[in-house]
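Report on the following structure.
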Amino acid sequence: MPNQITYRVYDFLKDIAPFSYLDQESLLRVASRVEVRYQPPGTVVFRPGEPPRDRFFVVKEGIIELYSEDADGQEMLVERCGERDIFGIRPLLAEDTYVFLARAVEESLLYAINSEGFRDIIPHHPRVLEYLATSMAGSSRYNLEYRAARRQKTDDDNGQLEPDLLPLQSLHRSREPVVCQANETIMEAARRMTDHGIGSILVVNEEHHPIGIVTDRDLRRCVATGVVSRKLPVLTIMSSPVACIPVDATVADVQIRMLKTGYHHLVQTEDGTDKSRVTGIVSEHDLLLLQGNNPAVVIQEIGSARSAGYLRELRDRAERLLSGYLEKEVAIGYITAVMTQINDEIIRKCIKLGLARMQADGHGNPPALFDWLTLGSQGRGEQLLRTDQDNALIFEDVSPSRYNSTKDYFLKLADYVTEFLNEVGYHYCDGDMMASNPKWCLSVSRWKDQFSEWMHENTAENLLNTSIFFDYRGVWGDGTLPDKLTTHIFSEMGGQSTRFQASLAMAALQNPSPLTFFRNFVVERSGEHKDQFDLKARAMRPLTDAARVLILQAQQGNINNTLRRYEALAKLEPQNARVYEEAAEAYELLIRLRAELGLKRGDNGRFVRPEELTQVQRLLLRNSFNPVKEIQQLLEIRFQLTFLR
Amino acid sequence: MERLRRWWDTLTERGAKQEKAAWPEYYRRYDSEVQHEFPPDRLLREVPVVILDTETTGLDVRQDRILSLGALKVYGNSINLGEKFEAYLPTPPGFEHSEAVAIHGIIPNSLRYSYVDEPTLLSDLLTYLGGSLIVGHHIGFDVAMLNQTLQRHGAGPLRNRVIDTADLARRLRPSGYWTPDHDFSLDALARRYRIPLSDRHTSLGDCYITGVLWLKLLSRLAVRVGHDLRVQDL
């Protein structure tokens, strides 16, 4: 009969992954063999190079720190394990010596789990193995762990391990394509479409490569109206070229592609270009059937919305879409792409509403070309939840005599637009970083001057502005003005760059990696968010700041998205690819976590109470700090910041 | 005088021999095969330790009986829960209405436990103990109860070295104005050294609390004496 102490140990372990995956009987057996270890402060649990013991550890009370030693014997803090954290787990899986030094910071009690007994259990509990494998695995561990954790939640008892990953699955089932040759008549093509009951037909050449597509719509437009004779070859009315996707494209790929190109049909070919054989075809309708809910529908609705109130409703719908995506663990790259499209569409709609209002007020049309810029996270295309609006306006240079009236017009327009956005739920920015602020509604040359000033005078305020304004992106307007600004920035950088880049890099280091913990997390010491962890400032900001300065240094101005910046950096610097990839993964995880928390609480998810996280979330969050630190070290070396500090 | 002394010696020796002859097998084995002494310079972390606790029908060593006994082994700085000792004795007739039931909650002859008889318990316990250092809180009482039981079955007393965690705590922080004597109860000490007080008054639960207390006290003693603890430091 298990005794009281066994039950006590069991009670403690049962909520902690991977023990939580065990059935009661197995866990009681594990608990009954636990060894309780007492570590006075400063004592060592194990040292690097020591042969593995037949046990691993769970912190019952106290704090254990893991250190790695560099070549000079200097200790570097790797991880800090608080109550309920597991460490020293390597021996369980790999017959490997310890890599770290584990030392008690304060008086600690550890439960040493006998790995012999535990190993016997693993074969019967696949989820435990999965958890352990992921917590051990190298670079891709964050997402994998995440998946393992999520799987447990949605799993039912029948042992079904595959989560619903529909949007991640390859679209193997794309329809068998119905094709015709370019010289066949329109009538023949139409008959074949009717026979097969389909809405489109692919036009291929002799090698079966796609050269065009004819849809119902083309037939209606050209034939039914009698404009084109039905006896002409399809060549004359087909749309060409076609957008192609590779065989292994996922639903997510298809959706992004459709959103971007505006095409309703994508052709699947052997190598993803139109220079290989056709293997299938995917229409928007197919996707709708596959997916049920479609962001394209929301976007379409936004286009036809007539009031900010309805836009707000649509944004709420988008949020439900978002929570569905998060639940299904759709790739963050896809989620951000879709949500950015939706946000952009709403902004565009608000500008259109604003312009209509200006007309109605008798102010007429815009007196000059302009572009509406979004800044910050929306500028980077990684905003998932409604946060405060950050925007600016740039208009073409006009003669000095017209400058004031032109600016007046755009300020009034911006007033309306920001008001509409506020109604939709993007609140006014506390720092007044909005196009309605006279400081941020400028002509091209004045914006150039402004950026030059920011780059030359490296005050703290300027650096803050830099971090917001440098991630600008045009969402509506002429479309050429933002590029002028970008060109200017890089030409400025040529001369004066080093100091500016170094200060930017410095700014990225201002929030030290969050490794000094109170129960694993640096919480805010005072103010409204006392004892909460600032997800944005402590973990996300350092990553976005680092990506920005690195990409500026690499002179890649048109890459605005943090994830894509790291992707690009990994390609540019293969020697650092691992650091960049891990940073990107960590960032993905943080975006996801923030969105989940925000949706759950109905706010922007920025501040976290450590206790509201599940244990796995905490583990993942903590793991994401390592890339933060590595990236910061990279900056420090690259920009030689140790001398500046 | 010298003659008298020799006479006395032979007498007691003979008495002892007679007594030894009557010892039960398990006690004879315990007495002869087990080393109970440790060299004073032996490092404490190399000494096997058994934490022990009993629940009894009351506090009168001569009248009352043991109801349950729990023990845990400590090696160095760890307590091994796998090597626990736990045994229950049936409530002897006449003790069913003991006031102690309210304290330890062992309902007389409850079907929750599987019971052994006293000789089995003693035999198993002595095997489990071997030459270990016995540690317990106010352990003098538990040892006296055990010795009384051993004597009832014709065996000699425990020979193990015994350490009381209450004494150890007192040594680290003598009682006085600031810490009245009752502050050395297990509850008070557990609170002082921040040990959660669940499963209090079950033999094994108390053993566990005492075990953690023992380890915490030792680390403080080591700081006090300034070197790795040896048997002579106790």
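Rule-based calculations on the coordinates, nothing more; no lab input. Keep in mind that what you see is a predicted model, and the values were worked out from it rather than measured. Using ideal geometry, Cβ is built from the backbone for each residue, glycine included, and neighbour counts are taken over all protein chains shown.
Need one number: convex hull volume per residue for the range A:179-291, Cα atoms only, in Å³. Intermediate values should be presented prior to the final figure.
Values: hull volume 10.9 nm³, N = 113.
Measuring per residue, one finds 96 Å³ for the Cα hull of the range A:179-291.
Other chains' Cβ within 10 Å of B:73-79 residues: what's the mean? Display every interim value, and only then the final one.
Values: counts 1, 3, 1, 2, 8, 11, 8.
What the average comes to for B:73-79 is 5.
Within the set A:536/A:600; A:448/A:536; A:60/A:600; A:14/A:536; A:484/A:629, which residue pairs have Cα atoms separated by over 26 Å? Please report the intermediate quantities before stating the final value.
On the way: A:536/A:600 17 Å; A:448/A:536 29 Å; A:60/A:600 30 Å; A:14/A:536 32 Å; A:484/A:629 35 Å.
With Cα atoms farther than 26 Å apart: A:448/A:536; A:60/A:600; A:14/A:536; A:484/A:629.
Sort B:207, A:441, A:429 so that the residue with the fewest other Cβ atoms within 10 Å of its own Cβ comes first and the one with the most comes last.
Placing the least packed residue first, the sequence is A:429, A:441, B:207.
For residue A:352 and residue A:365, compute 0.36 nm times the residue count separating them, minus their Cα-Cα distance, and round to one decimal in nm. Each step should come with its number before you reach the end.
Working: separation 13, 0.36 × 13 = 4.68 nm, distance 1.15 nm.
Answer, rounded to one decimal: 3.5 nm.
From other protein chains only, count the Cβ atoms within 10 Å of every residue's Cβ in A:3-16, then give the mean. Spell out each step's value before the answer.
Details: counts 11, 11, 15, 4, 3, 6, 2, 0, 1, 0, 0, 0, 0, 0.
If you average over the peptide's residues, the count of other-chain Cβ atoms is 4.
Could you tell me which of rounded, prolate or oblate describes the range A:387-427, using a ≥ b ≥ c as the square roots of the eigenvalues of the alpha-carbon gyration tensor, with rounded for a/c under 1.5 and, failing that, prolate when a/b is larger than b/c and oblate otherwise?
Prolate, because a/c is 1.5 or more and a/b exceeds b/c.
Evaluated at 10 °C with a viscosity of 1.306 mPa s, what Stokes-Einstein diffusion coefficient in µm²/s does the range A:328-479 have when Rh comes from the Kirkwood expression over alpha-carbon pairs?
For these conditions, the coefficient is 99 µm²/s.
Would you list, by chain and number, the aspartates and glutamates whose Cα falls below 19 Å from the Cα of residue B:20, excluding same-chain residues fewer than 8 positions away?
B:9, B:31, B:33
Obtain the nm distance between the two label points defined at residue B:45 and residue B:63 by a simple spin-label model: each point lies 7 Å from its Cα along the Cα-to-C-beta direction.
Inter-label distance under the simple model: 4.8 nm.
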